[in-house]
Amino acid sequence: MGDKVYDLEVHFKSKCKKLKNIDPDKYSYIDFIAGIRELHGIIDETISRITCNVDESDVNMDISNDNDVLSMFGRNVNRVFFDVFVELANEERESGDESMEKSGDESGNESMEEFGDKIEETNNQTGVVSEDEMSIIEGFKIMRMRNEKTRVTAHCSVKDCPWKIHATPFVDGVTFHVKTYVPNHTCVRSDPTSEATVDWIATKIESVLRENPRMKIRDIRNELKKFGVNPQYMQIYRAKKKALESIEGSYIESFGNMLYYANLELEKNEESVVTLQCDVDETEVIPSAPVFKRFFLGLSALRDGFLERCSPFLGFDGCHLKGPFGGVLLAAIGLDGNNRLFPVAFVVVESECKESWSFFFENLSRMVGGFSGQAIDFYV
């Protein structure tokens, strides 16, 4: 929007104050909310709605995210200032709210501060505090009475236990305002391990698996002890698998991208040979998706290096692939001037058989384009 700046006339209750010299290119929704709160001294109240006037018309638009903020300036491009209207949520507080706001309730204030410290400490260690997170922190099973867009209420799962928390979202839809918190439990604290789900464990070990994907189960269990949990072997195994999928992607998604990989390789290395072979059931009335069968990869740089700098020797071998889909990896290997292994081409096939070896040799022949009368020894 260039160098143009705006002034916003912010209307709140019966007052109107001005936000000056706003640069729309550097202004986000978070800046917008913070500016309004600071301007009118809105601290504890929940803002339920923000609207703005559109280009001197009778039409108002709602502002609830970064895109709305950009649209607000874009639809008022012919003006240097316009009106913004702020509304608070008129929501009745549930029973127990009054005890939270009594000025002389020192024990209640201390409990809220302790609750905030627990959340802040957990945030610093692990990220966003979830329901599972709080169950493990507190050592008590938490159940939700209400889980709506406008409010969330949770209580202890043990009957007659008074522990309870009630919160409502701010206008950004992400930050929550805790209105009611009853910190006392009358039930017996449980083992937090029972609340540690596979999904929760996966989020906690993802960072360490990024550094060491081969980390063993016993080392992961030791890592989880700092959270006060000691899950079973299979639970950690499933969590590790889930975390690795989040880091590296899943096998299914990788096979689904094979055609993209092949086209990308040919785009970047035009003289390379890349062949993807799939099975398609043509007997079905509605054709099903192709099923991966074989994949050959022969890079032009490896071909040129072999023909120009390597000994006239090619060795062929294969190994079985570990994973949910199995298969065999076949490779053609040469020897360079220092008598070290030099990879020439690779192929992934369903098994070592006449058809798969024929597929390999046919594509390898296309790759080298003949050997120009050069004698080469082959070993399998």
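The values are calculated or read from the model by the stated rules, or taken from the named source; none is laboratory data. Everything numeric here is computed off the predicted structure, so don't read it as measured data. Neighbour counts run over all protein chains shown; Cβ positions are idealised from the backbone, glycine included. The protein model used for the area step is the full one, side chains on, heavy atoms only, and it has no ligands, DNA or RNA in it. Shrake-Rupley method; radii C 1.70, N 1.55, O 1.52, S 1.80 Å.
Observations on the structure shown:
- Filtered residues of region 174-205 (kept if at pLDDT below 85, farther than 30 Å from residue 66 by Cα and loosely packed, with under 15 Cβ neighbours inside 10 Å): 184, 186, 188, 189, 191, 194
- Number of positions in region 319-352 that are within 27 Å of residue 279 (Cα to Cα) and modelled with pLDDT of 90 or more: 18
- Subset tally (residues that are of a type in the set (Lys, Arg) and under 19 Å from residue 168 (Cβ atoms)) for region 26-51: 2
- Residue that is nearest to residue 45 (Cα to Cα), among those in region 149-203 that are outside any loop (DSSP other than H, G, I, E, B) and among the small types (Gly, Ala, Ser): 167
- Condition broken by residue 60, with the remaining ones in (1) in contact with a Cys (Cβ under 7 Å, 6 or more places away or on another chain); (2) open to solvent by less than 20 Å² (accessible area, probe 1.4 Å) satisfied: (2)
- Residue match in region 330-350 (condition: open to solvent by 50 Å² or more (accessible area, probe 1.4 Å), of a type in the set (Asp, Glu) and not in a loop (DSSP other than H, G, I, E, B)): no
- Residues that are under 30 Å from residue 35 (Cα atoms) and surrounded by 15 or more Cβ atoms within 10 Å (Cβ to Cβ) occur in region 157-166; there is at least one.
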